[in-house]
Amino acid sequence: MTATAPREEQLWSRCAGCASLLYRKRLRRNLDVCPECGEHARLGAPERLRQLVDPGSLRPLADRLPEADPIDFVDVLPYPHRLTAARASTGLVEAVVCATATIGGHPVAMAVMDFRFLGGSLGCAVGELITRTAERALDERIPLVLVTASGGARMQEGVLSLMQMATVSQAIAALREAGLLTVSVLTDPTYGGVAASFATNTDLVLAESGARMGFAGPRVIRQVTGRALPEGFQTADFLLRHGQVDMVVQRRSLRGRLMALLAATHAGAPTRPSVPRQEPAPHRERLAAADEAAAGPPATPEADATPAVRDAWDTVRMARHPGRPTTLDYLDSVFDGFVELHGDRLGADCPAIVGGLARLAGRHVMVIGHQKGHTTAELVARNFGMASPAGHRKALRLMRLAARLGLPVVTLVDTPGADPGVSAEEHGQAAAIAENILALTVLPTPVLTVITGEGGSGGALALAVADRVLMLENAVYSVISPEGCAAILWPDRSAAPQAARALRLSAPDLRRLGVVDEVVPEPPAAAHDDPAETALRLRTALLANLLPLLDVPPAMLVRLRRQRFRRFGATRAGQRAGVR
Ligand SMILES: [Zn+2]
């Protein structure tokens with residue numbers, strides 16, 4: 001019966017993923033995600049805003065601009081006719097809806113693109129509207145959130161549409177300079193000029209589950225190369241694997257994830273957690289007690305006072321013990337609310353470096369560390385904590401982001417050294433490490449490093465040019481591994497124990513040399529015997545060392561940090577003699 005057909009269409013909708021016939025209202029209640037197969041249907045901008053912002057907080061920004069048909073473009077239809085048709089079918093004025101709103105109580109400026117409107121194409125009006133939204137964010141000193149959905153530039157506006165990539169990017173650069181957070185949420189599809197500008201040059205890039213993003217579309221690439229494309233090419237998970245996005249987020253988690261990120265980066269101001277602490281486990285109470293202890297004068301026992309009884313080679317074996325807590329363990333036990341950020345934006349996401357936003361006693365920090373593992377499988381998956389150039393570039397990206405947002409950086413060093421592979425060399429390992437060391441010397445935010453396990457040569461230093469360097473009692477920090485040293489300077493590698501002693505790589509030795517500022521005592525016999533107590537002690541030491549740095553103006557921090565490292569060049573023979 002033809003008379004009922006339109007009504008049927010409104011009530012039911014067919015999933016593009018599994019072809020299930022779905023009751024429209026049920027689908028909408030499920031945020032337009034297929035309950036059968038999880039397919040995320042495309043959303044128009046108004047519905048997207050409704051899902052993301054706090055009810056009643058939306059304040060649309062002006063969207064009327066002078067009519068633009070800058071190059072009098074005509075294909076089979078004059079461009080103005082296409083605009084008129086797009087407006088009639090969507091009820092929108094342009095392919096983007098801009099507004100201010102709050103998300104979880106955090107004010108933001110938002111620009112949400114709508115693919116239904118001429119494929120979400122980036123024309124002069126879209127560029128102007130997004131730029132104005134960014135300027136509004138700058139005026140009000142609030143974060144900018146962009147939700148992208150676009151086939152690329154609007155060809156009907158010719159090279160002027162191309163210019164919008166630069167216009168919007170400039171506005172994003174101004175927000176960077178002002179230390180204001182920019183976030184883009186990639187939704188399906190995001191291609192061409194939008195992908196190559198404001199979809200990816202924001203501080204944080206989230207991809208909605210199922211989104212595809214790329215510069216050239218798959219059809220074009222297949223035509224040009226004449227080859228089949230890899231499975232899952234340009235999908236959100238592919239992008240995550242290749243370091244292009246910080247995270248892939250299911251639609252139902254998107255609002256919550258944005259709230260967490262906005263809270264963590266709230267102008268770097270120390271804020272109290274807005275939700276009560278979960279799981280009041282006994283160790284959390286102990287941690288709270290540690291916070292109070294840290295508020296007073298540093299109560300960390302001076303490890304130097306107790307003579308080191310452990311042989312250097314034993315310490316090396318302790319530092320490498322597979323049960324020793326890893327960076328992810330400390331992120332769980334010492335910090336709260338860790339949100340991992342991924343990728344170097346150049347093609348990879350190195351598993352040997354983990355980093356992201358976290359809280360330390362309610363203060364937001366950026367934590368970056370080497371990740372090893374407890375089992376052989378974990379160690380292999382993490383490349384034994386040996387960072388690739390991509391890992392160093394990811395770390396660099398997160399350090400710079402922290403500085404821009406006024407967040408202190410805490411690095412946890414535990415690596416045998418940088419990845420010594422052929423591919424690492426091909427991808428510029430040396431330059432990547434050099435760039436990190438240079439960037440850290442001038443990073444205008446507090447940097448606190450803890451050598452938690454192995455501090456292996458340049459790979460360690462790439463995370464350790466800090467205002468304060470702490471070291472766990474049984475960690476080691478050395479220019480070369482004892483085995484490597486033995487192989488070069490002794491008849492064979494079996495001399496590693498002697499080399500370990502000669503290298504002065506233990507915490508007490510390095511404290512005496514001034515390379516390390518404080519030794520954090522481990523519980524008996526070592527960290528892996530009582531990880532909870534180790535976490536407690538580390539947290540106390542972190543707070544005692546970090547809090548004073550927060551009061552130092554950034555320019556002075558940088559000056560003092562440079563002096564700290566300059567003085568090693570002038571180490572006198574007399575100081576060396578002070579070592580056993
Ligand atoms: Zn489905």
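Every read-out reported here was derived from the displayed coordinates using simple, explicitly stated rules and does not represent laboratory data. Please read these numbers as outputs of a predicted model, since none were measured by experiment. Neighbour counts run over all protein chains shown; Cβ positions are idealised from the backbone, glycine included.
Leu61's amide H: which non-local residues (gap 5+, or another chain) put their own amide H closer than 5 Å, with H modeled 1.01 Å from N in plane and none for Pro or chain starts?
Answer set, sorted by chain and number: Cys98, Ala99, Thr100.
What does region 329-374 give for Rg and for Dmax, in Å, if only its C-alpha atoms count?
11.3, 35
What are the ³J(HN,Hα) couplings of region 216-232, residue after residue, when phi is run through the Karplus curve with 6.51, -1.76, 1.60 and θ = phi - 60°? Round to Hz, x for glycine and proline.
3J(HN,Hα) across region 216-232, in whole Hz: 8, x, x, 5, 4, 5, 4, 5, 5, 8, x, 10, 5, 8, x, 4, x.
Provide the descending list of Cα extents for region 395-463 along its principal axes, expressed in whole angstroms.
Over region 395-463, Cα extents along the principal axes are 37, 25, 15 Å.
Which whole-Hz ³J(HN,Hα) couplings does region 160-172 yield from phi under the Karplus relation 6.51 cos²θ - 1.76 cosθ + 1.60, θ = phi - 60°, glycine and proline marked x?
Running phi through 6.51 cos²θ - 1.76 cosθ + 1.60 with θ = phi - 60° gives 5, 5, 4, 4, 5, 4, 6, 4, 5, 4, 4, 5, 5 Hz.
Evaluate 2.2 N^0.38 Å with N set to the residue count of the chain, then give the Cα radius of gyration divided by it.
1.09
Could you work out the pair-distance distribution P(r) of region 43-122 from its alpha-carbon pairs, with 10 angstrom bin width and percents rounded to whole numbers?
Going from the shortest bin to the longest, the percentages are 17, 44, 26, 10, 2.
How far, in nm, would the chain grow between Ala216 and Glu426 when pulled straight, counting 0.36 nm per residue and subtracting the alpha carbon separation?
73.0 nm is the gain from fully extending Ala216 to Glu426.
Working from Cα positions, state the angle (0 to 90°, nearest 10) between the long axis of helix 389-405 and the longest principal axis of the chain.
80
Using θ = phi - 60° and the Karplus form 6.51 cos²θ - 1.76 cosθ + 1.60, what ³J(HN,Hα) does each residue of region 11-28 get, whole Hz, x for Gly and Pro?
My calculation for region 11-28 gives 7, 10, 9, 9, 5, 6, x, 10, 6, 5, 8, 10, 5, 4, 5, 5, 4, 5 Hz in order.
Estimate the FRET efficiency between Arg26 and Ala88 by the formula 1/(1 + (r/R0)^6), using the beta-carbon distance for r and 41 Å for R0, to the nearest 0.05.
Working from the Cβ atoms, E equals 0.90.
Pulled fully out, how much extra length does the chain show between His321 and Asp63, if you take 0.36 nm times their separation in residues and subtract their Cα-Cα distance?
86.8 nm
For the chain, what does -39500 (n - 2.57) per DSSP helix run (n ≥ 4), summed and divided by total residues, give at 222 nm, in deg cm²/dmol to the nearest 500?
That comes out to -12000 deg cm²/dmol.
Report D for region 455-523 in µm² per second (integer): Stokes-Einstein, Kirkwood Rh on Cα pairs, 25 °C, 0.890 mPa s.
Roughly 195 µm²/s, to the nearest whole number.
Report, in debye and to the nearest 20, how large the dipole of region 1-129 comes out about its Cα centre when Lys and Arg carry +1 and Asp and Glu carry -1 on their Cβ.
My answer is approximately 640 debye.
Can you pull out the trypsin sites (Lys or Arg not before Pro) in region 148-229 that DSSP calls coil and that have at most 16 other Cβ atoms within 10 Å?
Arg227
Going by alpha carbons, how many degrees (0 to 90, nearest 10) lie between the helix axis of 429-441 and the longest principal axis of the chain?
So the helix axis and the longest Cα principal axis differ by about 80 degrees.
Based on alpha-carbon centroids, what's the gap between region 451-524 and region 18-75 in Å, whole number please?
Computed from Cα coordinates, the inter-centre distance equals 55 Å.
For a footprinting-style exposure proxy, rank His364, His528 by other Cβ within 10 Å, fewest first.
Placing the least packed residue first, the sequence is His528, His364.
Given C-alpha coordinates of region 65-202, what is the ratio Rg to Rh with the Kirkwood estimate of Rh?
0.97
Report the FRET efficiency, 1/(1 + (r/R0)^6), for Asp54 and Val479, where r is their Cβ-Cβ distance and R0 is 45 Å, rounded to 0.05.
Computed FRET efficiency for Asp54 and Val479 comes out at 0.25.
Can you tell me the 0 to 90 degree angle between the C-alpha axis of helix 531-550 and the longest principal axis of the chain, rounded to 10?
In the chain, helix 531-550 runs at an angle near 80 degrees to the longest axis.
I'd like the Kirkwood hydrodynamic radius of region 188-235, using the inverse of the mean 1/r over distinct C-alpha pairs, in Å.
This gives a value of 11.6 Å.
Between Ala555 and Ala381, what length in nm is gained on full extension when 0.36 nm per residue of separation is reduced by their alpha carbon distance?
Here the segment from Ala555 to Ala381 would lengthen by 58.7 nm.
So, with +1 on the Cβ of K and R and -1 on the Cβ of D and E, and no other charges, what is the size of the charge dipole of the chain about its Cα centre, to the nearest 20 debye?
Computed about the Cα centre, the dipole is about 380 debye.
Given the convex hull of the Cα atoms of region 461-580, what is a quarter of its surface area in nm²?
9.2
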